[in-house]
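Just so it is clear, none of the values below were taken in a lab; they were calculated from the coordinates. These numbers were taken from a predicted model, which means no experiment stands behind them. Please note: Cβ atoms are built from the backbone with ideal geometry, for glycine as well, and neighbour counts cover all protein chains shown.
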Number of protein chains: 2
Amino acid sequence: MTTTRDHSLDAVTDVPPSPTDLPHDVAEIAPEHPRPGSLDSAVIQEALLGRWAAERRESRELAKDPALHRDPLLGMDEHRQRVFGQLGILVDSRAVHRAFPAEFGGNDNHGGNISAFGDLVVADPSLQIKAGVQWGLFSSAILHLGTADHHRRWLPGAMDLSIPGAFAMTEIGHGSDVASIATTATYDEATQEFVIHTPFKGAWKDYLGNAALHGKAATVFAQLITQGINHGVHCFYVPIRDESGAFLPGVGGEDDGLKGGLNGIDNGRLHFTHVRVPRTNLLNRYGDVAEDGTYTSPIDSPGRRFFTMLGTLVQGRVSLSIAATTASFLGLHGAIAYGEQRRQFNASSPEREEVLLDYQNHQRRLIDRLARAYADAFSSNELAVKFDDVFSGRADTDVDRQELETLAAAVKPLTTWNALDTLQEAREACGGTGFMAKNRVTQLRADLDVYVTFEGDNTVLLQLVGKRLLTDYSKEFGRLEVGAVSRYVVLQASDALHRAGLPKVVQTVADAGSERRSANWFKDPAVQRELLEDRVRAKTADIAGTLSGARGKGQQAQAEAFNTRQHELVEAARNHAELLQWEAFTRAVDAIEDEATATVLTWLRDLFALRLIEDDLGWFVAHGRVSSQRARALRGYVNRLAERLRPFALELVEAYGLEQKHLRMEVATDVEAERQEEAHRYFEQLRASGTAPEDEKVLRERQRKEAKSKASRLRRS
Amino acid sequence: MTTTRDHSLDAVTDVPPSPTDLPHDVAEIAPEHPRPGSLDSAVIQEALLGRWAAERRESRELAKDPALHRDPLLGMDEHRQRVFGQLGILVDSRAVHRAFPAEFGGNDNHGGNISAFGDLVVADPSLQIKAGVQWGLFSSAILHLGTADHHRRWLPGAMDLSIPGAFAMTEIGHGSDVASIATTATYDEATQEFVIHTPFKGAWKDYLGNAALHGKAATVFAQLITQGINHGVHCFYVPIRDESGAFLPGVGGEDDGLKGGLNGIDNGRLHFTHVRVPRTNLLNRYGDVAEDGTYTSPIDSPGRRFFTMLGTLVQGRVSLSIAATTASFLGLHGAIAYGEQRRQFNASSPEREEVLLDYQNHQRRLIDRLARAYADAFSSNELAVKFDDVFSGRADTDVDRQELETLAAAVKPLTTWNALDTLQEAREACGGTGFMAKNRVTQLRADLDVYVTFEGDNTVLLQLVGKRLLTDYSKEFGRLEVGAVSRYVVLQASDALHRAGLPKVVQTVADAGSERRSANWFKDPAVQRELLEDRVRAKTADIAGTLSGARGKGQQAQAEAFNTRQHELVEAARNHAELLQWEAFTRAVDAIEDEATATVLTWLRDLFALRLIEDDLGWFVAHGRVSSQRARALRGYVNRLAERLRPFALELVEAYGLEQKHLRMEVATDVEAERQEEAHRYFEQLRASGTAPEDEKVLRERQRKEAKSKASRLRRS
């Protein structure tokens, strides 16, 4: 192979080039490679569904019920009523009580609950999120923040929906920064009551499901003030409406009205004007006020207490990760099924148009995202396991809880953003028909839009991850001493030193010219891991270097220094989340024993990894992690991976187990294939009949040749 | 400056570092730099609105009328009726006739028409697109494909809406590949009629506005067959409904029903079963059939004839580019106005929270996209001028028409995709309130979704651009001779040779270590142009190299070779479109005389350019166009540019001229600022009153210090 062919496709594959320099079809790649149909779909499905596959299948079975499905033609008011009715079906089906204690009829099954809940998204995201408000937030606050008496008084009604409730944490003025909410709960010793008050418009609670219509009570987060001291945010059980549905005295509210999606949920605002609730309505697990106004807490540090209370909210992030993953698979299922049937443009033959999925660009659009959806699934499942470990009490030290928080703050942003991107690409890959409601993708995308900012704004969550990276880094290097950090930064910045420091994956100019070696290098999991790990480490160190320069210069100077690197910190956090996804993907692949299946999933994992590297290639090359020569070879290799996976695309997306009753998309049926066959038969019969009109272009070509030969005959004669 | 500070922010700016190594505020940057308020907004607005600013202002004035606005609570049926009524208002306002001939009451003003039409998007995209169907497609087909008799018979009714019409080109089976549509129009000499027929389901016309309800006629595209010859796609005027609204004999159809957006338009399917129309219903400007069935055409080549007929469709792409740009500005206006008011998190001071737009990450999210929206505006305007040149007849050679097609195929994909991305980012940047219908962004995004696949699927359009790049390249190098191409590829591939070939922008290791020089280099427009031009040239040459290897090997081999590079060809086409946008931006900036304004717009152009380079940095570094050292310096410089533009962000977005009656978004008002002030006053008064509760954290800190000093006193005593 000579250097003049640096850019040709064969130059970057890991298989020998064919004599024609053209791509090989699957059969040619290598005799031992898996063929379509040889994958063990059941094994893949178990891996994709994770530890609580059984609960998820129960949930998916329930979600086939048309009574739980979205009717897209319903207006907002009718949709809200329908979804409220659907919650009753969930209660009757015992679909939403798995996480509650056995004494209240639950199963103490946290991981199973959250996993099953995630898949409800296929019925209607409004149904899912309204259920999340009732049982994941409102009831959960009573369970996790309250104590035995509260459970006895309110859990049964919350669980059986006789007390529909709102979760009143977010305010107009404060979403992500919960610690700064302005609603107050001031203890009045005289009456032994808390006075709940929203002192200005920004303190009104907002965007609360169940607040506009159905809520009878709310778990209200407010600054607890007693004996002149503000003990920070605590949660209170506050009745808001009487049996007739009218607001109780001092309570008021507004309807948020129409939204960009999720219009089956009655989001609204609530305000409280000196509303009095008994002292015992404080959900007092992590902080209590005695009759005389004395405050006590089992957690001494106000900061730690706050994060412990808020930690109960993590389940929302876990469930959204699973729901977003399922939505991604739903969109990809439709688009890939359609891409296997739909034909457009006669590229390689005048007889028959090409199937969309045979086009390279279509492969990169859909199969890249399929690889990412697998990463979403595996990482969401690991998040669910971690969540279950903590919430079951099996492993719930502070460190465990912090790890869970960080993992959730990493996985939720990626999975939810990925879902929006994937649904949009699926929509576009289906063209005009993708825009039709009968294919559901646009509506699903509209509903999932808000998943990227609720239950923790994705950008804010990534900053939490970023701060954790900096904290871990500073532990490694002591208290961010300037000297140590600078040395580390120098080490990172110097390509030569860097290469010296990474002997395992060392690349030198010695292998320049060998494209085969480049491809083999990229597909080595040790290389992938090192590249992805090292990227996070180096970016974190680099940012830490800036911050260390501002140490001891006061809050403003430190904030300004931080702000000069905020954009990169968010990026480093995203890179960290990508690394976590890569690790989860790799563990899942390593656990698969069937050889053909493991081979194809390894290709898929490689595609996931290399797409990540491709997307940030500038960083890898400029920082000496990938040589220019290898960087130039990467694109071709990634294209080739997608092509190699193409015959397996439909099997791989079907392995997630969504059935027609879940999909309910015309593109996922055989309708297009039938239309193609009908058209094909028509033209075949027309040709066979001998009555087909001749194409003017063909006629002209024939006439031109005839004229030419006549002229030549005339010349000869 | 030492090498240990490679990554610090100051290292990559083009101004002297401050003594503290912290970012300068604007006042510090340089005394001669423009201050907020010093820009000439009127000058910017003229540049943004382009040659037909007057017509656009007329249109924007009309669009303030509440009767033309979307009512988001209307269901599909009511929305459709409302929009149909709104079309009558457009007729009465003479808002849609500018492009028609003076003899029919128009102004022969093509550029003005399309520019004014684009801004109608602020009223309701459904209104805009339904108007586009009636006057931009249906009436336009009569005008551009028909001749005098057709104009006389049908233009008045089409223009005054007494004949609502559908534009029946797309079929279920063929969207982008119009040449392959399967509807036939077979000439019957006996009756002197054309027989319009859709022989199978895939041949049904689909996604047609006005087809489900309101259309009385349709311009139907079909394969014209006469005397046993298929002369390719032609257009026919076909009545479809009688006065009562019932389908005429042989015509049938279905309602497309609910869509992902644009539900004010009654899209539907039509099918034709041997429907007979008079011979003279053939719109015969580019092809005619005599009574005896003889076909004639002023354009001999069937291929050129087809592209000429389809060329009349380009105005849709022009108008969508303008509409998408306006939508981007609308979203950014809301998000930037909100970002200037909304405060969240106490970063730099315990007294007051930070304004969102002061966060670096927020700057990069919104100001980067503002720069791109400017590029969208300038490139759309140049497209409109080119369109007007061709359609006015001032410059309508084949070459002009081809250039127009290519320009439209480049600008429409970028502007429409950018609009979706920008609206989504604007939505997320506003958090939960961005999801509320009162802020319009989600609905606008849902409506504009289909802009990326209709009037030419964006991916298909970029492939047209890509093929044009290859054609131009092959002209430059003869008939893709392998030798010449290979030599070119070698030249491209070799970094050393490459550098030798680009003396103007030469970068060598000699400047390593000088970050200032790096920043100066990046902001040199000659460097930006060279980088962006060279990228397109090099990628095209590289792909051409692969294709040349398959020459003469038959259609299938060539198609396969092409398919191995399709993904990169689409990317090269996108890069070409980005270059065109950069050029349009630069021309617009160069035309501005006011110094402060020109300076700030130059920063904005630089941000646009450098963001493009940042997004494809891997290519630039791996191919030797940007040194690793400069690549590492780029991020910091781009961050700094965004920070420098931050004080001007609101002015720059307001300069587009959208007023409150256009925006109709709560986030674009002062409501949030008022809420912030109310909250601020509350806390100030509380502090002043002396009754503010003490924070537990502060109390504990005080107690800790008191205990410490007490202990120390005890020790001393």
Given that compact globular proteins tend to follow 2.2 N^0.38 Å, what is the ratio of the alpha-carbon Rg of region A:177-248 to that value?
1.16
Please list 3J(HN,Hα) in residue order for region B:197-206, calculated via the Karplus relation 6.51 cos²θ - 1.76 cosθ + 1.60 where θ = phi - 60°; whole Hz, with x for glycine and proline.
8, 10, x, 7, 4, x, 8, 4, 6, 9
Nonlocal amide H pairs with A:L283, under 5 Å, H built at 1.01 Å:
A:C235, A:F236, A:Y237
Report, to one decimal in Å, the Kirkwood hydrodynamic radius for region B:670-716 based on all distinct Cα pairs.
13.5
Estimated distance in nm for a label pair at B:V399 and B:K475, the labels positioned 7 Å out from Cα along Cα-to-Cβ
0.7
For B:D188, label point 7 Å along C-beta direction: distances to other copies, nm
8.9
Would you mind checking which residues have amide H under 5 Å from A:A168's amide H? H placed 1.01 Å from N; only 5 or more apart, or other chain.
A:T219, A:V220, A:F221
How would A:T599, A:T397, B:T586, A:T416 line up from fewest to most surrounding beta-carbon atoms within 10 angstrom?
A:T397, A:T599, B:T586, A:T416
Order of A:E571, B:E103 from fewest to most other C-beta atoms within 10 Å?
B:E103, A:E571
Can you tell which of A:G253, A:S548, A:F387 lies farthest toward the positive end of the dipole of chain A, using +1 and -1 charges on the Cβ of basic and acidic side chains (Lys, Arg; Asp, Glu)?
A:S548
homo-copy label distances at B:R352 (7 angstrom along Cα-Cβ), nm, one dp, ascending, are 7.1
³J(HN,Hα), Karplus 6.51/-1.76/1.60, whole Hz, each residue of region B:305-316, x for Gly, Pro
4, 4, 5, 5, 4, 5, x, 5, 7, 4, 4, x
Kirkwood hydrodynamic radius of region B:165-305, Cα pairs, Å
15.3
What are the principal axis extents of the Cα atoms in chain A, in Å, biggest first?
125, 69, 46
Per-residue average of Cβ from other chains inside 10 Å of B:437-450
4
So for region A:167-302, averaging the separation of alpha carbon pairs under 8 Å that are six or more residues apart and normalising by length, what relative contact order in percent results?
27
Enter the Cα centre distance for the pair region B:678-717 and region A:439-461, rounded to the nearest angstrom.
42
What's the magnitude of the charge dipole for chain B around its Cα centre, counting Lys and Arg as +1 and Asp and Glu as -1 at the beta-carbon? Answer in Debye, nearest 20.
2160
Other-copy label distances relative to B:K438, 7 angstrom Cα-Cβ extension, nm
3.8
Counting only other chains, and only Cβ atoms inside 10 Å, what mean value do you get across the residues of B:296-303?
2
Which distance in nm do the two modelled labels at A:D695 and A:E533 give, with both placed 7 Å along the Cα-to-Cβ direction?
5.8
Among B:315-323, A:178-186, how do they line up by average Cβ neighbours within 10 Å per residue, starting with the highest?
B:315-323, A:178-186
Considering only chain A, what is the antiparallel percent among its DSSP beta bridges, to the nearest 5?
80
Which of B:Q703, B:A679, B:A692 sits closest to the plus end of the dipole of region B:670-716, meaning its Cα is farthest towards the positive end, when Lys and Arg get +1 and Asp and Glu get -1 on the C-beta?
B:Q703
In nm, to one decimal, how far is the A:F307 label point from the A:Q227 one, both placed 7 Å along Cα→Cβ?
2.7
How do the peptides B:58-68, B:277-287 rank, highest first, by the average count of neighbouring beta carbon atoms within 10 Å per residue?
B:277-287, B:58-68
Relative contact order of region A:315-654 (C-alpha contacts under 8 Å, at least 6 apart) in percent is 24
Give the relative contact order (percent, whole number) for chain A; include only Cα pairs under 8 Å separated by 6+ residues.
16
Given a Förster radius of 25 Å and the C-beta distance between A:S349 and A:Q703 as r, what FRET efficiency does 1/(1 + (r/R0)^6) yield to the nearest 0.05?
0.55
Averaged over the residues of B:621-630, the number of partner chain Cβ atoms within 10 Å of each residue's own Cβ comes to 5
Only Lys, Arg, Asp and Glu count, each charged at its Cβ (+1, +1, -1, -1), so figure out the dipole size of region A:45-164 about its Cα centre, rounded to 20 debye.
120
Over the Cα atoms of the protein assembly as shown, how large are the radius of gyration and the largest Cα-Cα distance (Dmax), in Å?
32.8, 136
Over all directions, how big on average is the projection of the convex hull of the alpha-carbon atoms in region A:315-654, in square nanometres?
20.2
Would you mind checking the pairs A:K130/A:K205; A:K259/B:K130; A:K475/A:K539; B:K64/B:K259; B:K130/B:K216; B:K64/B:K216 and listing those with alpha carbons more than 20 angstrom apart?
A:K259/B:K130; B:K64/B:K259; B:K64/B:K216
If the chain between B:D590 and B:H274 were fully extended at 0.36 nm per residue, the gain over the current Cα-Cα distance would be 107.8 nm
I'd like the orientation of helix B:525-549 relative to chain B: the angle between its Cα long axis and the longest Cα principal axis, in ° from 0 to 90, rounded to 10.
50
Treat every Asp and Glu Cβ in the protein assembly as shown as -1 and every Lys and Arg Cβ as +1, leave all other atoms uncharged, and give the resulting dipole magnitude about the Cα centre to the nearest 20 debye.
2160
